[in-house]
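The values are calculated or read from the model by the stated rules, or taken from the named source; none is laboratory data. Owing to the predicted nature of the structure, the values given are computational and were not obtained by experimental measurement. No Cβ is skipped: glycine too gets one built from the backbone with ideal geometry, and neighbour counts run over all protein chains shown.
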Amino acid sequence: MDPLTALAAIKGGITAGKSIMNMSKEIAGFFDSVDSAKKKHQKKKNSIFATANEQAMDTWMQKQQAEEAEIALRELITATRGYSAYQDLLKIRRDTLRERKEQERREAREAEERQEMIIMIALGITGMILAISLFAYVGKRIGIL
């Protein structure tokens, strides 16, 4: 969902009398779409393949729309619930993003540890097979086996 569609859903809910607290799913979707538009632009901007002006302009426009939608959401919440409610929302968003990044770091670290463990097990098994093979070879050569 793009930020403008998500913002329209939030505005519609508020117009229909829904409490902002009851619209957490819509607001989370809005922030996810804004973050996605900004990341997409940053990725395209830093890409070695982003030489086409049309492609760069498209992601820039999406980023601009996302920023305008954020401003509109701020004005909407400030007008209906006050500035402190918007600040609370931003604090919750920062905390959620921090938790999400920490979870991603933990998962990446765990995946790396699993990969290292698999490599160590594979090396151990290979070493054991080589040792057994060497023992069998030497044993046959000297006549113990």
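Applying the set (1) more than 29 Å from GLY17 (Cβ to Cβ); (2) surrounded by 12 or more Cβ atoms within 10 Å (Cβ to Cβ); (3) not hydroxyl-bearing (Ser, Thr, Tyr) to ASN53 leaves exactly one unmet item: (2). For first residues located in region 20-33 and assigned to a helix (DSSP H, G or I), partners that are acidic (Asp, Glu) and modelled with pLDDT under 85 and lie 6+ apart or on another chain with Cβ distances below 9 Å form the pairs SER33/ASP2.
Condition (residue is part of a helix (DSSP H, G or I) and either among the small types (Gly, Ala, Ser) or in contact with a His (Cβ under 6 Å, 6 or more places away or on another chain) (or both)) applied to region 83-100: is it met by at least one residue? For region 83-100, residues part of a helix (DSSP H, G or I) and either among the small types (Gly, Ala, Ser) or in contact with a His (Cβ under 6 Å, 6 or more places away or on another chain) (or both): present.
Restricting to region 8-34, give me the number of residues that are of a type in the set (Ser, Thr, Tyr) and buried (at least 16 other Cβ atoms within 10 Å of the Cβ).
The total comes to 1.
Remark: GLU112 falls outside the filter, which requires a residue to be modelled with pLDDT under 95, in a helix (DSSP H, G or I) and of a type in the set (Asp, Glu). Whenever a residue of region 131-143 is part of a helix (DSSP H, G or I), it has no partner that is modelled with pLDDT of 90 or more and surrounded by 10 or more Cβ atoms within 10 Å (Cβ to Cβ) lying with C-beta atoms less than 6 angstrom away and at least six residues away or across chains. In region 86-114, the residues that are touching a residue at least 40 places away in the same chain (Cβ under 8 Å) form Cβ pairs under 7 Å with partners that are assigned to a helix (DSSP H, G or I), at six or more places apart or across chains, as follows: LEU89/ILE77; ARG93/PHE31.
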